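A.B. asks: Below is one structure. I have some questions about it.
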Amino acid sequence: MPAARQTPPAPDLPTSPRPPSADARIAQPLRRLAMVIGMTLSLASPAARAAETSAADGVGKPAGAPAARPAPPKPVPPKPASTRPDSARPGSTRPPSANTARAARPAATAGAAAAGTAAAAQAAPTDDLARQPAVRDFVKTMVEEHRFDEDELLAFFGKVRLVPEVLRLIAPPPPGFRRSWSGYRGRFVEPLRIRDGLRFWSAHEAVIARASERYGVPAEIIVAIIGVETIYGRVMGEFRVADALTTLALRDPRRASYFRDELTEFLLHTRDTRLDPLSVRGSYAGASGIPQFMPASIRRFAVDFDGDGAIDLRASPADAIGSVGRFLAEHGWRTGEPTHFRARIDDAARAQKLIDGGIEPRVRPPQLAEHGLASPDDIAPDMPLALIDLPDGDGPTIYRLGGPNFYVITRYNRSNFYAMAVIELAETLRAERRR
């Protein structure tokens, strides 16, 4: 559930006609600080969020992994997911044990704790969701199609809360918002992710090499995606996934159907793996774990890569590494091919039509001149290409020719900015390792 949008300022708190008490004067700045930190961390974990896509690249389709439910390859039955947390069926309030919770979650940063405080503050009690017609219709479908217990599901929704902050974070940018590639890039190709990426790569070198060999994806791409998503497990989101997905399924005017499907996948996943659905934390878009997979992707692409008999994307770096590799391979990664090439614009009007046609590569190099384009790079004549634009605020737009592998990265998050940030972080990590 979670990048290109500028971090929004905290909204002004309503004023009171009476002077605030001393406690209130202290509490208001703390609440404000928690909200700012929470929003910053959510935006810093892109694929953790489907929202980033709309803000970053204007595509407006949920991403996070998977991106807007692309037509998947033939599904492969998933292995059993982790049963390490205590089991509970939908509607149960039984939490994971303290030891399990500690084992399943890396040490949280102070900022992540503040993000959780902000999320909890926004999840104000609402009318019992179980009484709402839309929820009762959803429950009826789950009972009829997936054999859920009606009373247990209604009890579960009685404990779910709508979170207004989720809707604010996932909203598209305001009119007039200008995207900046250099600003976006600076948030991800930066010292912390480079330093921690090198450490992560060294600590899990054998596992990363095995995933790269098995799935044909360069090691640096796998490492970079995990770095962009959660800073290698540092920031995985503190929203309850059940709250986030239910809020979006009921209240998102643009993509309610998509999030309803993800809520279905989430409940199937937690039932199959005996997880308490109220215990799972993630981004404001419903993505979770080290690689920030949406529930449908967990069920389709997650793998037990450490061989312990369970899939645990939150506590097992090996499972996260293997799952990222498999996700990219299943979406068509072409081993040994470049991700992109340089582009020269000879006719802006004709080139714009190619941009408007989307990011799926369809044009072959011999056709570039027809579209007002050229490239100084040596490109195989049968390589399908798309024209990628990277607007840079008041500066000139940067253009690249994206190949099939660039497109595959956008299946993780449907954003040109996201894909190029992953690629440039990967190139930086690879270069640093060779020094």
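Every number here is computed from the coordinates shown, using simple stated rules; none is lab data. Note that the structure is predicted; figures quoted are calculated from it, not measured. Every residue, glycine as well, gets a Cβ built from its backbone with ideal geometry; the counts of neighbours run over all protein chains shown.
A.B. asks: Label-point separation (nm) for A206 and R178, each offset 7 Å from Cα along Cα-to-Cβ?
C.D. replies: 5.3
A.B. asks: Would you kindly state how much longer the chain becomes between E424 and R364 on full extension, computed as 0.36 nm times their sequence separation minus their alpha carbon distance, in nm to one decimal? If you can, show how the numbers build up before the last one.
C.D. replies: Details: separation 60, 0.36 × 60 = 21.60 nm, distance 2.43 nm.
That pair, E424 and R364, stretches by 19.2 nm at full extension.
A.B. asks: Sticking with this one: Report the net charge of residues surrounding P384, where surrounding means a beta-carbon distance below 9 angstrom and charges are Lys +1, Arg +1, Asp -1, Glu -1.
C.D. replies: On the way: positive: R362, R364; negative: E360, D382.
Local net charge: 0.
A.B. asks: Separate question: May I ask you to order 287-298, 133-144, 407-418, 212-223 by the average number of other C-beta atoms within 10 Å around their residues, highest value first? Could the numbers behind the result be given before it?
C.D. replies: Working: 287-298: 29.3, 133-144: 15.0, 407-418: 27.4, 212-223: 20.4.
Top of the packing list down: 287-298, 407-418, 212-223, 133-144.
A.B. asks: Would you pull out the residues with amide H under 5 Å of R344's amide H, same chain only if 5 or more places away, H placed 1.01 Å from N?
C.D. replies: It is A374, S375, by chain and number.
A.B. asks: Let me ask something additional. Amide H to amide H, which residues 5 or more places from I398 or on other chains are under 5 Å from it, using H placed in the peptide plane?
C.D. replies: L390, D392
A.B. asks: Continuing with the same structure: Sort 270-281, 224-235 by packing, meaning the average of other beta carbons within 10 Å per residue, with the highest value first.
C.D. replies: Final packing ranking: 224-235, 270-281.
A.B. asks: With r as the distance between the Cβ atoms of E152 and I398 and R0 = 51 Å, compute the FRET efficiency 1/(1 + (r/R0)^6) and round to 0.05.
C.D. replies: 0.45
A.B. asks: Tally Lys and Arg at +1 and Asp and Glu at -1 over the other residues with C-beta under 10 Å from the C-beta of I423: what net charge comes out? Please report the intermediate quantities before stating the final value.
C.D. replies: Details: positive: R400; negative: E220, E424, E427.
Charge balance in the 10 Å sphere: -2.
A.B. asks: Still on this model: Amide H neighbours of F239 under 5 Å, counting only residues 5+ apart in sequence or on other chains, H built in-plane at 1.01 Å?
C.D. replies: Here G282 satisfy the definition.
A.B. asks: Follow-up. If you average 1/r over all unlike Cα pairs in the range 340-402 and invert the result, what Kirkwood radius do you get in angstrom? Don't jump to the answer; show the numbers that get you there.
C.D. replies: On the way: mean 1/r = 0.0861 Å⁻¹.
Kirkwood radius, the range 340-402: 11.6 Å.
A.B. asks: Just need log10 I(q)/I(0) for the range 374-435 at q = 0.13, 0.17, 0.19 Å⁻¹, Debye formula, equal scatterers on the alpha-carbon atoms, no solvent, rounded to two decimals.
C.D. replies: -0.43, -0.72, -0.86
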